[in-house]
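The values are calculated or read from the model by the stated rules, or taken from the named source; none is laboratory data. Given the structure is predicted, the values throughout are model-derived calculations rather than measurements. Neighbour counts are summed over all protein chains in view; Cβ atoms, including those assigned to glycine, are modelled from backbone coordinates with ideal geometry.
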Amino acid sequence: MDLDRERVINRIERLVKAAFGVGWGSLKAASESLNIPSGVLLGYFKRRSLPDAENLYKIAQGLGVTVDFLLTGDDPDIASLVKESEVIYGFKLTLEERKVIKLWRNASGKGKEVAKRILESEQIKPTKQKKT
């Protein structure tokens, strides 16, 4: 199997940016969350090297994707999430929010109703202030 190194790194970079944002602070947060030194992550993003098997596994686990997806892009559900707009109504979606959207789209009508009830019960309802 021939890997397109550039595409592998692009997939990893896009997922890391979607999950943690952009900038040095975000790189540090990603590094801590994925348990990979920030210098190593930066080396990937600067195209100095590809992750080894252990780091590919850490990245996949930390970002909620498969190693196969990172290497090949073969997972239509995840690929569609990566390609979709990262911004909805001015809010940047996190990877976790994208996963919820994917689950919602695949849920049955009954599953959606249950999810709605749970979410509605979790909402904080404003309290009425008494007139003085």
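Numerical summary
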item: Residues that are at pLDDT 85 or above, of a type outside the set (D, E, K, R), loosely packed, with under 15 Cβ neighbours inside 10 Å and assigned to a loop (DSSP other than H, G, I, E, B), drawn from region 1-58; result: Asn35, Pro37, Ser49
item: Any pair with Cβ under 9 angstrom, 6 or more apart, that starts in region 47-69 at a residue that is without any contact (Cβ under 8 Å) to a residue 40 or more places away in the chain and hydroxyl-bearing (Ser, Thr, Tyr) and ends at one that is surrounded by 19 or more Cβ atoms within 10 Å (Cβ to Cβ) and in a helix (DSSP H, G or I); result: Thr66/Ala60; Thr66/Ile78
item: Members of region 66-125 that are modelled with pLDDT of 75 or more, farther than 29 Å from Ala53 by Cβ and in a loop (DSSP other than H, G, I, E, B); result: Ala107, Ser108
item: All positions within region 12-32 that are closer than 21 Å to Phe69 by Cβ and in contact with a Phe, Trp or Tyr (Cβ under 7 Å, 6 or more places away or on another chain); result: Ile12, Glu13, Ala30
item: Answer residue from region 59-73, given it is surrounded by fewer than 19 Cβ atoms within 10 Å (Cβ to Cβ) and of a type in the set (Val, Ile, Thr) and is nearest to Ile9 (Cα to Cα) among those; result: Thr72
